[in-house]
1. Examine segment 225-233 for a residue that is within 30 Å of Ala347 (Cβ to Cβ) and touching a residue at least 24 places away in the same chain (Cβ under 8 Å), and state whether such a residue exists.
2. Looking at the structure I just gave you, is Ile76 surrounded by fewer than 21 Cβ atoms within 10 Å (Cβ to Cβ), within 19 Å of the chain's Cα centre (by Cα), within 16 Å of the ligand (Cβ to nearest atom) and more than 24 Å from Leu277 (Cα to Cα)?
3. Kindly list, by first and then second residue, each pair from a residue in segment 102-113 that is farther than 12 Å from Asn134 by Cβ to a residue that is part of a helix (DSSP H, G or I), limited to pairs with Cβ atoms under 7 Å and residues at least 6 apart or on different chains.
4. Considering only residues that are surrounded by 14 or more Cβ atoms within 10 Å (Cβ to Cβ) and over 22 Å from Ser84 (Cβ atoms), look in segment 1-16 and name the one that is farthest from the ligand (Cβ to nearest atom).
5. Name the single residue that is farthest from the ligand (Cβ to nearest atom) among those in segment 38-57 being assigned to a helix (DSSP H, G or I) and surrounded by 24 or more Cβ atoms within 10 Å (Cβ to Cβ).
6. Could you check Met108 against (1) over 20 Å from Pro360 (Cα atoms); (2) surrounded by 24 or more Cβ atoms within 10 Å (Cβ to Cβ) and say which number it fails?
7. Is there a residue being surrounded by 21 or more Cβ atoms within 10 Å (Cβ to Cβ), assigned to a helix (DSSP H, G or I) and modelled with pLDDT of 95 or more anywhere in segment 290-307?
8. Looking at segment 362-401, which of its residues are within 22 Å of Asn115 (Cβ to Cβ) and acidic (Asp, Glu)?
Amino acid sequence: MAFIAPAGTPISLRTFSTGLVRGVMQSSIDAQLARALAQHAGHQRCWLMSTGRAAMVLALQSMRDAVSDPRRTEVIVPAYTCYSVPASVIRAGLQPRLCDIDPVTLSMNLEALKNFDFSRVLAIVTANLYGIPNQLDAIEQLAKRTGVLLLDDAAQALGASLGNRPVGGFGDVGLYSFDKGKNITSLEGGALVASNPALTASIEARHNALPGTPASKTAMTIAKLGAYSLLLRPTLYDFVRQLPGLGLGKTKWEDDYPLLKYGRPLAGFTSSLYGQLQSLSERRRANARSLSMALKLLPGLQVIEPPADALPAYTRLPFLVAEPSRRDAIIARLNDAGIGATASYPAALCDVPEVARTLPQSDLLMPAARRVAASIVTLPTHPYCPPDLAARVGQAILSSQ
Ligand SMILES: *Cc1c(COP(=O)(O)O)cnc(C)c1O
């Protein structure tokens, strides 16, 4: 049977070989990619890293260097986001604080955010999950007004924009990821973009001091990327997902990853795919649009609404099941139909033990994030989705009742 992977970026043989040749032959390919990403975000500078989570640690450490007040040790993160985010905050020696989310948009609840005591806050981190922009203009204004830094986490939102401004370009530092399920991928990798002189000086110094990714590791990543480019195809993915030990789609706590510079040859693949970003995003948006239309015809489901002036990049299409007890059956029927529906991150961050044990009492109750964690389903949007996907999704969900 064919199975449509939950997320991913198709890499044709031609893109793979172009990427390989560029990565191996063009010694300035990493600088070219960095320039393109900085320009994309509307920032002056860009640094490439081994992973997005490593990039986040570097950004937070550099923010700490750049801010003179030593009491500013708290970092506000949305109560529902990738576990790598609070893991990076803790790894940087800082204190995570949680802000509950708005279950309609998945953006931080602005009222809750306004009510924070900002006197010990170093930075706010956005989420832009599934490529849907948060209310970044309002969050940026609040950060400015309260004198805290803003890290615009666009790990899932390269190619998305809000009011014609690129996601990742809001606030002081932007972050992109090139991991497996993101907008474009070299299986591993991340980037920071920034302009503020004090911050860029610190990021630059810290980045210069990092070791490079060992060539043997990069060679292994390239081999895996070759396998990924073949196996993401629906005809082969069904076989892959049943292999034991791959842990596909599992969310696990990880905080001992290395902080390294990006493996330069990987920039060949990422920069080739960056050239396809527009058309990839358009395909994902078109798929998300027809999925949304099908979902809105079904009772008891709520599609996440992007802000009015947003152009989302839709790494996946999320929706909420009004009756959370129906969720497992819905996902099971979709999976039976060969559709990679997933429950996304399994818990609100207040219910992740490694985060909860660091939190003040006030941050342990996040009702909206809990509701989202218990009711969210994500659907694939990548270009391997067949034209009848929306109809098949509708049928599978109807059959789950
Ligand atoms: C994936 C992700 C990260 C971390 O990126 P990696 O490259 O996987 O380390 C950070 N934030 C969000 C929202 C993500 O989805």
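1. Within segment 225-233, one or more residues are within 30 Å of Ala347 (Cβ to Cβ) and touching a residue at least 24 places away in the same chain (Cβ under 8 Å).
2. Numbers: surrounded by fewer than 21 Cβ atoms within 10 Å (Cβ to Cβ): no; within 19 Å of the chain's Cα centre (by Cα): yes; within 16 Å of the ligand (Cβ to nearest atom): yes; more than 24 Å from Leu277 (Cα to Cα): yes.
Spelling it out, it is not the case that Ile76 is surrounded by fewer than 21 Cβ atoms within 10 Å (Cβ to Cβ), within 19 Å of the chain's Cα centre (by Cα), within 16 Å of the ligand (Cβ to nearest atom) and more than 24 Å from Leu277 (Cα to Cα).
3. Sorted first by the residue in segment 102-113, then by its partner, the pairs are Pro103/Ala368; Pro103/Arg371; Pro103/Val372.
4. First, pick out the residues of segment 1-16 that are surrounded by 14 or more Cβ atoms within 10 Å (Cβ to Cβ): 3-11, 15-16.
The next check asks that each one be over 22 Å from Ser84 (Cβ atoms); those that pass are 3-4, 10-11, 15-16.
Details: Phe3: 22, Ile4: 20, Pro10: 19, Ile11: 17, Thr15: 20, Phe16: 20 Å.
Here the answer is Phe3.
5. Across segment 38-57, the extreme among qualifying residues is Ala41.
6. The number of the failed condition is (1).
7. yes
8. Across segment 362-401, the qualifying residue is only Asp363.
The values are calculated or read from the model by the stated rules, or taken from the named source; none is laboratory data. Quick caveat, the model's predicted, so the values are computed rather than measured. FYI the Cβ positions are ideal-geometry reconstructions off the backbone, even for glycines, and counts take in every protein chain you see.
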